[in-house]
Amino acid sequence: MNLKIAKALEIVKIIEDAGGKAHVVGGAVRDTLLGRPIEDVDLATSFTPEEVSKVFSKVIPIGIDHGTVLVRYESESYEVTTYRTEEGYNDYRHPDQVEFVRSVEQDLARRDFTINAMALDANEQIIDPYGGREDLEKRLIRAVGHAKDRFSEDPLRMMRALRFSSQLGFCLDKSTYEAISHQVSLLSKISIERIAVEFEKLCKGQDYQVMLLRLKELKVHHYLPVFKENLDQIKVIPSVRLHGFSELIPFYCVKGSPYEIAEWIKAWKQSNQVKRNASIIFEAVRSYEHKPLPVVIYAVPSHLIDSFVNVLQAADVTIDHSSVQKAYDKLPIHSRKQLDFQAEDLMQQYPSLPKGPWIGEYLNKIEQAVVIELIPNENQAIKEWIKTWSPPETD
Ligand code: ATP
Ligand code: MG
């Protein structure tokens, strides 16, 4: 058995020894049955958060209203949620009422898809009231209960259906597909932040190309920021999977999106960090056509090199990760700080000149020359090289 699941079942047993009931639920059960790697293991229990807190020494309340606590156990964290039902979704966001219940079967009924509505008990038996295992075999995403009702309760589930299809390479069950097609407009009730999370996961999934086509067919893009104002944008499909908005935004901008990076960021409510990364990648991809590779990648921080290559590949440029990484490792310098010639050296060389923008411009030129190995990164050599230039203009 998977080690992570085995550890989680120890928690289940501790709760049961204390008189409660508990199960591993949701994605971890699904991914175990599929033999996929497991991210986090979620647990559900008959115990209330207070009761859970009495059993474990380290418990962090993270969503007490929804019955969720984080249990620290042998250096790992587990979300432990009291069995609950949800009723009324009048704001399309949060259930109006969360009611704690005593059985795991009742808890499974509130879950979105049959493959996500299975539980594993202490004896490693699977509780599967909605045919999740059968759907795993048929490779189907099927809503628990009536798809139409489940999607009108929480329209985000429509996006989730597409993202699980993409991640797992599964088909949408017919009635689930039809339910999306009939009430896709309810997506307008959902916060952009929640939609963004699912859209990123969809684009990262193995079957993203099929699911982007499906998304278009179902008119989901009519409710996605930027896409809804530029309906043809959805026809532009990346050639490789892209990981998050730092890659997606430069990709669409390179492919001629009428929206600029700042507009994408605002519309999708992304952070300043995503904005910075997207801008760096965009500039690098754009300059790739007319600048030498070392100059292009010198401007990219090492943690964005893979993203830079991804976006180029997505835009049909033939390039591979390892050759770019090699070129990056081979750069004579990786930042201006490593240049063996600084502003002071420049001022010494031209003692009569006042400080001014010329210093930055000169350092820039030197930096670029070192990066393309026109001159070595050696103080003396740089000094000699500068002597061949006409003196700087300062006015
Ligand atoms: P991942 O590996 O992507 O985290 P996951 O199945 O764990 O997949 P989560 O979004 O973490 O997905 O949700 C955990 C579980 O909670 C799901 O498996 C599902 O049972 C339930 N769930 C989450 N969101 C919803 C929702 N909007 N409606 C109904 N059930 C949901
Ligand atoms: Mg999860």
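Read-outs: derived from the displayed coordinates by stated rules, not from any lab. This structure is a prediction, so every number in the text was calculated from the model and none was measured. All Cβ positions, glycine included, derive from the backbone under ideal geometry; neighbour counts span all protein chains shown.
To the nearest 0.05, what FRET efficiency results for LYS387 and SER188 with a Förster distance of 45 Å applied to their C-beta separation? According to the calculation, E is roughly 0.10. Restricting the chymotrypsin sites (Phe, Trp or Tyr not before Pro) of segment 311-395 to loop positions (DSSP other than H, G, I, E, B) with no more than 16 neighbouring Cβ atoms within 10 Å leaves TRP389.
When we measure straight from the Cα of LYS21, which aspartates and glutamates land under 13 angstrom away, once same-chain ones fewer than 8 places off are left out? Cα-Cα hits under 13 Å: GLU10, GLU51, GLU105, ASP107, ASP121.
Between the alpha-carbon centres of segment 342-395 and segment 166-216 there is a gap of 55 Å. Applied to segment 372-388, the Karplus parametrisation 6.51 cos²θ - 1.76 cosθ + 1.60 on θ = phi - 60° returns per-residue 3J(HN,Hα) values of 8, 6, 6, 9, x, 7, 10, 3, 5, 4, 5, 4, 4, 5, 5, 4, 7 Hz, with x for Gly and Pro.
Taking 0.36 nm per residue of separation and subtracting the current Cα-Cα distance, fully stretching the chain between GLU283 and VAL210 would add 23.4 nm. Compared with the direct C-alpha span, the chain from ASP345 to LYS330 gains 2.8 nm at full extension, assuming 0.36 nm per residue.
In this model, which of LYS7/LYS201; LYS275/LYS330; LYS291/LYS337; LYS4/LYS255 are farther than 31 Å apart at the alpha-carbon? Beyond 31 Å: LYS4/LYS255. In order along segment 340-348, the phi-based Karplus estimate (6.51 cos²θ - 1.76 cosθ + 1.60, θ = phi - 60°) of 3J(HN,Hα) comes to 7, 6, 10, 3, 4, 4, 5, 5, 5 Hz; Gly and Pro are listed as x. Could you tell me the calculated FRET efficiency between GLU378 and GLU10, based on Cβ-Cβ distance and R0 = 56 angstrom, to the nearest 0.05? Between GLU378 and GLU10 the formula returns 0.40.
Taking every DSSP helix (H) stretch of at least 4 residues in the chain, weighting each as -39,500 (n - 2.57) and dividing the sum by the residue count yields a mean residue ellipticity at 222 nm of -13500 deg cm²/dmol. Applying the criteria of a DSSP loop state and at most 12 other Cβ atoms within 10 Å to the trypsin sites (Lys or Arg not before Pro) of segment 1-108 yields LYS58, ARG102.
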